[in-house]
Amino acid sequence: MSLIIDWIVANWVELAAAILGLIGITLQIKQNSLYWLTSIIMVSLYIYVFFVSGFYADMSFQFYYLVVSIYGWYFWLTVKDKQQKSEIRTSRLNKNQWIYSILVSSAFYILIYLILYKFTDSEVAIGDAFTTSLSFVATWLLARRILENWLFWIVIDAVSTGLYIYKGLYPTAILFTVLTILAVVGYIKWKKSLDLDADKA
């Protein structure tokens, strides 16, 4: 019992961030704007966790995520007030937006990997750069309520799970295993919502 208590005391920041992540993904699936509030608190905690663990790209991404979370919260509330609806409308990527998203992700990947390789002691530079580059695009798509954000998150969360297991971040690995499953659920639910809106139009 004492070992469990000692572990919780030693890892309480990561544990709290993981719990907030589970709460947040539930709110995200429901298209509830409070998701962004939980994200703001969660990423603030993960800045510390990723710095200590050597996930420097992930740590840097949290600052971007913090800014986009504030923007997303404002954007979702603004759209909600104008439409007088309890749910947020979603949209889809067109062909040109898909191409742009892939190009932006690729550019971020090359840049982040080179920085990690040359200027840090990261043991997971390739994986860290990959998940972080996709996360930049996925977060923006989420803030704009675009359905395909979930497809990005499925890939990101699945790869991240393996990385966190490798680095011994077990609460975060469990969180991202659950997030991978919930990202699939989120995609299905958002797509149904989008199809219903299309039928009503």
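A short reminder: the numbers here are calculations on the coordinates, not readings from a lab. Treat the numbers as computed from the prediction; the structure is a model and nothing was measured. Ideal geometry is used to build each Cβ from the backbone, glycine not excepted, and the neighbour counts take in all protein chains shown.
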Output ³J(HN,Hα) for segment 19-30: one whole-Hz value per residue in order, computed from phi by the Karplus curve 6.51 cos²θ - 1.76 cosθ + 1.60 with θ = phi - 60°, and x for Gly and Pro.
-> 4, 4, x, 5, 4, x, 5, 5, 5, 5, 4, 7
Highest mean first, what order results for 126-139, 25-38 on Cβ atoms within 10 Å?
-> 126-139, 25-38
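What translational diffusion coefficient, in µm²/s and rounded to a whole number, does the Stokes-Einstein relation yield for segment 2-200 at 4 °C and a viscosity of 1.567 mPa s, taking the hydrodynamic radius as the Kirkwood radius over Cα pairs?
Answer from the Stokes-Einstein relation: 74 µm²/s.
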About its Cα centre, segment 2-200 carries a charge dipole, from +1 on Lys and Arg Cβ atoms and -1 on Asp and Glu Cβ atoms, whose size in debye to the nearest 20 is 860
Using 17 Å as the cut-off for backbone N distance, which residues of segment 87-120 belong to the label zone defined by a point 7 Å from the Cα of Leu196 along Cα→Cβ?
-> 87-91
Springs between alpha-carbon atoms under 10 Å, Gaussian network over the chain: tell me which of Leu111, Leu182, Leu45 tops the mean-square fluctuations.
-> Leu111
Near Ser122, within a Cβ-to-Cβ distance under 15 Å, what is the net charge of the other residues, with Lys and Arg +1 and Asp and Glu -1?
-> -2
Work out how much length Ile126 to Trp12 would gain on full extension: take 0.36 nm times their residue separation and subtract the Cα-Cα distance, in nm to one decimal.
-> 38.2 nm
